[in-house]
Structure formats: C-alpha cells, structure tokens
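The values are calculated or read from the model by the stated rules, or taken from the named source; none is laboratory data. Note that the coordinates shown come from a computational prediction; the quantities given were computed from them, not determined experimentally. Because the Cβ atoms are built from the backbone with ideal geometry, glycine has one as well, and the counts that use them run over all protein chains shown.
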Amino acid sequence: MAASVKTAAAVCDPTAAVKPGLKRKRIAVGSMDQYEFEDTCCLGVGGFGAVFKARHRATGQTVAMKRYSPADHTAFREARFLEEANCGGANPFVVGYHGVVRDPVTGEMILVMECMAASLHDLLCQRPRGSPPLPEATVRAAMWQLLSGTKKMHDAHIIHRDIKPQNVLIGESHSVVKICDFGLAMSIDERLPYAPAGTLWYQAPEMLLGKPDYDEKVDSWSLGCVMAELINKGRPLFQGFHDDGQLCAIFDLLGVPDDSTWPWFSSTPFAREVMPELDMQLQRCNRLRNRFPETKLSTEGMRIRGAQWPAHMQSREEADGSRRAQAPMVRQGR
C-alpha cells in the first residue's frame, strides 16, 4: 500500500504564490510552439497531472514537461521554488529549471524541466527479487549528493517537505541523483503556523504531531528515511496507515522522546490521549542498530544516517557521532 500524500491547505490556495518569504519574481511564460510534445511518452502521473517528454525544436534538447490543468494555480509557485532551489544552475543536485510555457489549445500551464532517466523509486522496484543490498559506497555517494543539494536548497530558505524516492531522479549513467517536484515546497520565511504536508512514510515526527513551527529539519528526516530504504532493499522503514500509526512505528524503533529533549511532547494529543489508550510502553531505547547490524551498515555509515535525523531521536552517543561524521562526508563526497 502506497503512503498517502498530504497536501497543505496553503499549497492549494491560489494566493499562496505570493506568500511572504517567496521572492515575488515575475515568471515569463513562453510559447509551446518551441517544443515538440511527445504525448505518447509519459514519464510520470500524479495528483497534479502528468509529466511528458518533449524536445526543443531549435536545440534538439530533450526536456520533461509537467502539465497543470487551467484551474490549477500552483504552476507559478512551483516554478519559483524550483528556480530558487536550482540556484541559477549552481545546485547540481536539484533538477534543472527551463521555464514555463502555456498550451494555446488547452490553456494548460506547463513547467519545463531537465529530463532525467528514472526515479530512485523506479530503480529500486526494478531490482530483481533476491538481489543483494546496494553497496554502502553507492548509498553514501547518493546521500552525499542529496545532502549537498538539500543544504543549498535550505540556504535559499526553501523547505521541500516531500523528499522521497519518487522525488529523487537519476541520470542516465546512474552516477547523479537530483531532487525534483517542488509542488509542496515552502519558504522558511513564511508566516506561522505551518500546515503538515508531504507523504506519510517520510514525514518527520514533529510534523505528524502537529508542531506549527517545524523547520528545515523535516527534510533531514525524510533523507534519513530515504537512506534507510536504500540500505533495506527498497523497503520503507516506517509504514504506518495513518498519523498515529506512523508515530507508533517511529517511537517503537527509535524510542519515545521525553520532556528533556522535546519539552512540548507531553502536551501533544498523541502523548496525552493516544499513548494511554494504546497502553504504549515508554520505550526510550534507540533500537536502530538492531535493525541495521554492522553486516548491513558500518559504524561510520550509521553515524552518517544519524546526521540526517534530529538528535532528539537518537542516543546521546549516536548524536555526537552523527555531527562528527557528517562533515567529512560532505567535504570528501564519499
């Protein structure tokens, strides 16, 4: 069963394109005539519509085109976030932005992007049954790219809020990974409260608990989930059917936070109502190493994984090691 995607109300609001914190930059709308549209080559389908492959008539460059219905007002918002996260081409681990065009026949807005080979999700699903886990070196190389791309994105004050294998694209040579789909992105500078958004299995616990002032660490959590999935032969680590079930799965493995780490946790409806009703044990121990023994993930790899998950969900020793491990990984690109 696929994890559900939760769309924040702010994202659906037509006025969201000019919220505080997002640069009010005019987006020029180009002509669809400059592209040869390949309706028969569908790259992906989602709640937004569909992505197709196309070719620029003058240059012959292959691009991906994301179509929006005329009633969908999110095209310009996503275009702005993608352009900012791309940093004018200086962020090589975010899919390239090529502009916005309008279909003169249907009136649909179309976001034009770099065309990649496949998604990380597709690659994991295509691996033959019984295949060995991906080599740790491969996982670490991919995570270095994703961490680097996410850092640049956060430096531009953008939170993605829906990082998952389906939103990570892979190049033809399988040597480059890039973050895509900024449909649920937001600016760090937007006014509180922040609404929950994203896909359940990759949502950070503070978002699931309804914390209204979460920050860019929610993307770090999602990256940790992606890394676990890469190590775990494509199986998501936490697979709840609803918010409370997802939180139970997270706390069962990583331990329940206390007021010394999350002073606000005991006042949440989950802590006050759900945990007593389920007679949930206050498991404080982090059992992640039991799930991923050294035969699956080295000590250094475990520390790198910990660098993507907030310190309050780790043991103190692991949190200290995580911060030490992240710096050499980003610097050396191993």
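Just a few scattered comments:
- Annotation: Leu22 fulfils all but one of (1) among the hydrophobic types (A, V, I, L, M, F, W, C); (2) at pLDDT 80 or above; (3) closer than 30 Å to His157 by Cα; the unmet one is (2).
- Test: residue in region 245-268 that is of a type in the set (Phe, Trp, Tyr), under 25 Å from Gln145 (Cβ atoms) and not in a helix (DSSP H, G or I): no
- Residue match in region 91-108 (condition: of a type in the set (Asp, Glu) and free of Cβ contacts under 8 Å to residues at least 24 places away in the same chain): no
To keep it simple, each residue is scored yes or no on (1) outside any helix (DSSP H, G or I); (2) among the charged types (D, E, K, R).
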site: Val101; (1), (2): yes, no
site: Ile110; (1), (2): yes, no
site: Met113; (1), (2): yes, no
site: Cys125; (1), (2): no, no
site: Pro128; (1), (2): yes, no
site: Pro132; (1), (2): yes, no
site: Val139; (1), (2): no, no
site: Ser148; (1), (2): no, no
site: Lys151; (1), (2): no, yes
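- Residue, farthest from the chain's Cα centre (by Cα), within region 237-259, restricted to residues that are exposed (fewer than 15 other Cβ atoms within 10 Å of the Cβ) and touching a residue at least 12 places away in the same chain (Cβ under 8 Å): Asp258
- Members of region 62-98 found to be basic (Lys, Arg) and within 20 Å of the chain's Cα centre (by Cα), listed by number: Lys66, Arg77, Arg80
- Qualifying residue in region 211-218 (condition: buried (at least 21 other Cβ atoms within 10 Å of the Cβ) and either β-branched (Val, Ile, Thr) or assigned to a helix (DSSP H, G or I) (or both)): yes
- The residues in region 79-98 that are in a strand (DSSP E or B) and in contact with a helix residue (DSSP H, G or I) (Cβ under 8 Å, 6 or more places away or on another chain) can be counted, and the count is 2.
- Index of the failed condition, Leu169 passing every other in (1) hydrophobic (A, V, I, L, M, F, W, C); (2) over 30 Å from Thr295 (Cβ atoms); (3) at pLDDT below 95: (3)
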